[in-house]
Amino acid sequence: MDYVIYNNQIVPKDSVHISMEDRGYNFGDGIYEVIRIYNGTPYTMEEHYERFSNSAKKLEMTLPYPIETFYMLTEQLIRKNEIRDGLFYLQYTRAVAPRNHLYERNMEGVVTAFTREVPLNIKDQSEGIAVIATDDIRWLRCDIKTINLLGNTMALRKAADNKCSEAILHRNHLVTECAASNVFIVKDKKVYTHPATNLILNGITRQLVLHIANELGLELFEQPFTLEHLMDADEVFITNTNVEIAPVISISGDISNHYSIGPITRKLQSSFTERKINALTK
């Protein structure tokens, strides 16, 4: 039997029913997090919940219980479902209330969460991925991890239709991030990525990669770069919870190019794996 979190309890999945008046259903009015599970352990759980709490504050949402309770329920659900290598998905919507665009503050929200056994995508890490470059049509608060992801899903659909794994987004030729990832380029051994402004989600894996790059003594620049810089890059890679670090080997769409999987990408991958193993064996 598959179990889920519903509010403050762990219950059978089939026993949960979501109201038609849930503001998440009607307005996409909610937040979420995805935490990677390695060998039964939620990795960087504290960092994910810190971002979750910040997203709630930015949307004037009141969390129903302390973050420590979220920690406890997360670990309990992983054990209950006997997940070894997979994902934990958490969602919090503002409330169940009569449909009205105007929200009230301090409404009683709805917590749901599930787990899924999903092996790490080693193939994308080792062989790289194809991406498409396309316009960033999302709203201007991409720093909030909201469940309102229509722009992201449309971009990813476009990528899949063009036999690509991810979409790299740009606003007026300035690259922001991807549909479900952050993006980095390497030029002349220097690493570049968009700064953590309202135009991107500050990914947890992104933050780890920045930290690792600093530890390795790499020249690192958090600044916007253009499609032209992207096309002229020596190396390109994406980061997210699901794939960790994946090299980009080709890009199509608004620009077109092919890339080699370079030494800096491989060095970051190796250091990321070493750091993860050390954290999980403590």
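Restrict the check to the stretch 67-85 and report whether at least one residue is farther than 27 Å from residue 275 by Cβ and either within 15 Å of the chain's Cα centre (by Cα) or modelled with pLDDT of 95 or more (or both).
Yes: one or more hits.
Considering each of 155, 160, 180 in turn, give the residue that is within 18 Å of residue 137 (Cβ to Cβ), of a type in the set (A, V, I, L, M, F, W, C) and free of Cβ contacts under 8 Å to residues at least 12 places away in the same chain. Even if it seems obvious, please write down each step before you answer.
Details: 155 fails: free of Cβ contacts under 8 Å to residues at least 12 places away in the same chain; 180 fails: free of Cβ contacts under 8 Å to residues at least 12 places away in the same chain.
Of 155, 160, 180, the one residue that is within 18 Å of residue 137 (Cβ to Cβ), of a type in the set (A, V, I, L, M, F, W, C) and free of Cβ contacts under 8 Å to residues at least 12 places away in the same chain is 160.
So which residues in the stretch 159-176 are surrounded by 14 or more Cβ atoms within 10 Å (Cβ to Cβ), more than 19 Å from the chain's Cα centre (by Cα) and among the charged types (D, E, K, R), if there are any at all?
171
Suppose we filter the stretch 211-222 for residues that are closer than 13 Å to residue 183 by Cβ and either under 16 Å from the mean Cα position of the chain (by Cα) or part of a loop (DSSP other than H, G, I, E, B) (or both); how many remain?
Final tally of qualifying residues: 0.
Can you find a residue in the stretch 1-13 that is crowded, with 19+ Cβ neighbours inside 10 Å and among the basic types (Lys, Arg)?
no
Return the total of residues in the stretch 227-282 being among the polar types (S, T, N, Q) and part of a helix (DSSP H, G or I).
Residues in the stretch 227-282 being among the polar types (S, T, N, Q) and part of a helix (DSSP H, G or I): 6 in total.
The values are calculated or read from the model by the stated rules, or taken from the named source; none is laboratory data. Since this is a predicted model, take the numbers as computed values, not measurements. No Cβ is skipped: glycine too gets one built from the backbone with ideal geometry, and neighbour counts run over all protein chains shown.
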